[in-house]
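A short worksheet on the structure shown next.
Every read-out reported here was derived from the displayed coordinates using simple, explicitly stated rules and does not represent laboratory data. Because the structure is predicted, anything quoted here is derived from the model rather than measured. Here the Cβ positions follow ideal geometry from the backbone for every residue, glycine too, while neighbour counts run over all protein chains shown.
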Amino acid sequence: MTAFGYKLPAMSSLLIWGLLWEVIGQMNLTFFVPPLTTVIATLFSVIGTPAFVKAMTETAYAFGSGVFFAIAIGIPVGIMMGKSRLLDELLLPWVNIFLSAPLTALVPVLMVLFGFGMTSIIITTTLFGIWIIILNSRAGVMQINRSLVEMARSFGASPLDAFFRIYFWAALPEILGGVRIGVIRAVKGVIIGQLLISIVGFGALFELYSSNFLMGHFWAVLIVLFAMAFSISEFLAYLERRVAYYAAKR
Amino acid sequence: MSQIKPPHDAAVPVSSPESAVSVRNVSKSYGPVEALKNLSLEFPRGELTSLLGPSGCGKTTLLKIIAGLLPADAGDIEVNGKRVTGPGSDRAFVFQDFALLPWASVIRNVAFGLELRGVAKSEREAIAEKYIGNVGLSGFEKAYPHELSGGMRQRVGLARALAVDSQVLLLDEPFSAVDEQNRRKFQEDLLELVRHENKTFIFVTHSIEEAVYVSDQIAILLPRPSRVSEIIRPTSFRNKDVENIRRDPEYLDIVDEIWASLRTYTE
């Protein structure tokens, strides 16, 4: 970006918005928006506290497991659906329904089924992330050049060989795209799960801060969450660019 | 003059020992469409046989049946006396659209057939390197397919098929996606290969000139349903220099003759 002929460093727009926040905070318009400097000071004081560390590890654990299941189940199921007409007809309507369904409404049901603990949160996270991963893996497999598959067969590839050496790699750009969106959705899943079940992780922390009007703390934790979600998404986007060299030339 | 034999009739005698591939009474339908009907053809060992015909005549179908990629509805395929039930290591396929792995380097692509056969990495890369040299791509081992021209990509496809050292090479319109100058160079190289590799080549093409230029035997297929209408074996120019073939009177005669019999089938 350039302004008045000067080249501005990357992210300089963030500075402007941060400045605006600070100004509004200093004007003391509302208790809801404390100055950014206060928030950041709180952030550093909060980060080391046992409550924060506990929330962080619980969330990381729930998020990690949820994403793991979403990927470990989603990619093979998507690839199978792309390969098998029967499986596709059987599962596709459900995948589409769950993709567009308001999954938040399912969380109470999960709580009844799996209790108020970690299991429900992990399942919520998986449910948020998995559908788009399935759909994208399926789409990736369906656009595979038929002659690549024939080539592998003609050189004696077993179905397992074809799966790991052809289907997975040929669909990888789409799969990674799906994983990126799925992971972003899983961040929502893990937070919504924790908020609704609200006795563990950041959900508990949010509940605690907002009910005690600790807005500085509230914003500090929110900034940490946003930053983490953004970094994960950027990292996956970077992986996606690594395979872009062949994505357009298959 | 060329020697023109009538097509084989349905009852072909037991395959002669000099046939590497025998196709006997093969039929194939796609739903109501009969692609091949009771087709029989012998492919002599160590020679290049072209399957030539108008589009939709089932030449690629026949090639894929021989490759074991498509099942025949009826009839038998034998390769070196063994009945074909699926893809096998006695045949290697060269694809019209190259079918290279876009995420793999040239050397891994060439070694891919060996990789699937479980050959150790160092060994298969040594073999691949040799064939990369043979097709004139030395120095491009680490390149990726998208960095190569169409002609170079097909050289990779050819090297991959040669690397598995199959007795029979199946080429499905391999030069149709390659530009004209590269195609001519390819055709000359193919003649060299046939002469030195002692393999049986089955070559599908829709170009009359190309078929006559490279073939020891040309099978003309006519469509709907596909059958062998005639088999032409050029005799006089096969051992001449590559530069003189296109001026040879027999070459010109055969090209004209084939055109005369195919022109009624053009759309």
Original post:
Rule-of-thumb check for segment A:7-87: C-alpha Rg over 2.2 N^0.38 Å?
Top reply: 1.88
Original post:
lysines near A:Lys54 by alpha-carbon distance under 24 Å, same-chain residues fewer than 8 away left out - which ones?
Top reply: A:Lys188
Original post:
Between B:Val164, B:Gln154, B:Gln187, whose Cα lies farthest towards the positive end of the dipole of segment B:130-267 when Lys and Arg beta carbons carry +1 and Asp and Glu beta carbons carry -1, centred on the Cα centre?
Top reply: B:Val164
**OP:** May I have the extent of the alpha carbons of segment A:47-249 along their three principal axes, as whole Å values ordered from largest to smallest?
**Re:** 68, 36, 24
Subject >> Inter-probe distance in nm under a simple model that places probes 7 Å from Cα toward Cβ, at B:Asp179 and B:Val33 >> reply: 3.3 nm
Subject >> Between segment B:200-267 and segment B:16-60, the alpha-carbon center distance in angstrom >> reply: 15 Å
**OP:** Work out how much length B:Val255 to B:Arg83 would gain on full extension: take 0.36 nm times their residue separation and subtract the Cα-Cα distance, in nm to one decimal.
**Re:** 58.5 nm
**OP:** Would you calculate the separation in nanometres between label points at A:Ser84 and A:Asn28, each defined as 7 Å from the Cα along the Cα-to-beta-carbon direction?
**Re:** 6.8 nm
Original post:
What list do you get for B:Ile65, B:Ile231 if you sort them by fewest beta carbons within 10 Å?
Top reply: B:Ile231, B:Ile65
Original post:
Hey, fewest Cβ within 10 Å first, where do A:Met118, A:Met142 land in order?
Top reply: A:Met142, A:Met118
**OP:** Any chance you could list the semi-axes, whole Å, largest first, of the equivalent ellipsoid that the Cα gyration tensor gives for segment B:69-124, using √(5λ)?
**Re:** 28, 15, 8
Original post:
What list do you get for A:Thr104, A:Thr59 if you sort them by fewest beta carbons within 10 Å?
Top reply: A:Thr104, A:Thr59
Original post:
Loop-only check: which chymotrypsin sites (Phe, Trp or Tyr not before Pro) in segment A:1-64 are DSSP coil with at most 12 other Cβ within 10 angstrom?
Top reply: A:Phe4, A:Phe31, A:Phe32
**OP:** Would you tell me the mean number of C-beta atoms belonging to other protein chains that fall within 10 Å of each C-beta in B:136-149, as a whole number?
**Re:** 1
Subject >> Spatial separation of Cα centroids for segment A:20-85 and segment B:180-196, in angstrom >> reply: 62 Å
**OP:** Select from chain A the helices, each a whole stretch of DSSP H, whose alpha-carbon atoms run 27 Å or more along the helix axis and whose Kyte-Doolittle mean is at least -0.5; answer none if there are none.
**Re:** A:50-83, A:118-142, A:172-197, A:215-242
Subject >> Kyte-Doolittle at least 0.5, axis length at least 30 Å by Cα - qualifying DSSP helices, chain B >> reply: none
**OP:** Summarise the partner chain shielding of B:114-124 as one whole number: the mean count of Cβ atoms from other chains within 10 Å of each residue's Cβ.
**Re:** 2
Subject >> Contact order relative to length of chain B, as percent, for alpha carbon pairs under 8 angstrom and 6 or more apart >> reply: 28 percent
Original post:
Dipole magnitude of chain A about its Cα centre, charges +1 at Lys/Arg Cβ and -1 at Asp/Glu Cβ only, in debye to the nearest 20?
Top reply: 720 debye
Original post:
So which trypsin sites (Lys or Arg not before Pro) in segment B:121-210 end up in coil per DSSP with only 11 or fewer other C-beta atoms within 10 Å?
Top reply: B:Lys142
Subject >> Relative contact order computed over segment B:125-267 (Cα-Cα under 8 Å; 6+ residues apart), in percent >> reply: 16 percent
Subject >> Subset of A:Lys83/B:Lys130; B:Lys64/B:Lys185; B:Lys82/B:Lys240; B:Lys82/B:Lys142; B:Lys130/B:Lys185 violating a 30 Å alpha-carbon distance limit >> reply: A:Lys83/B:Lys130; B:Lys82/B:Lys240; B:Lys82/B:Lys142
**OP:** Nearest 5 is fine: what % of DSSP beta bridges in the protein assembly as shown come out antiparallel, could you say?
**Re:** 55 percent
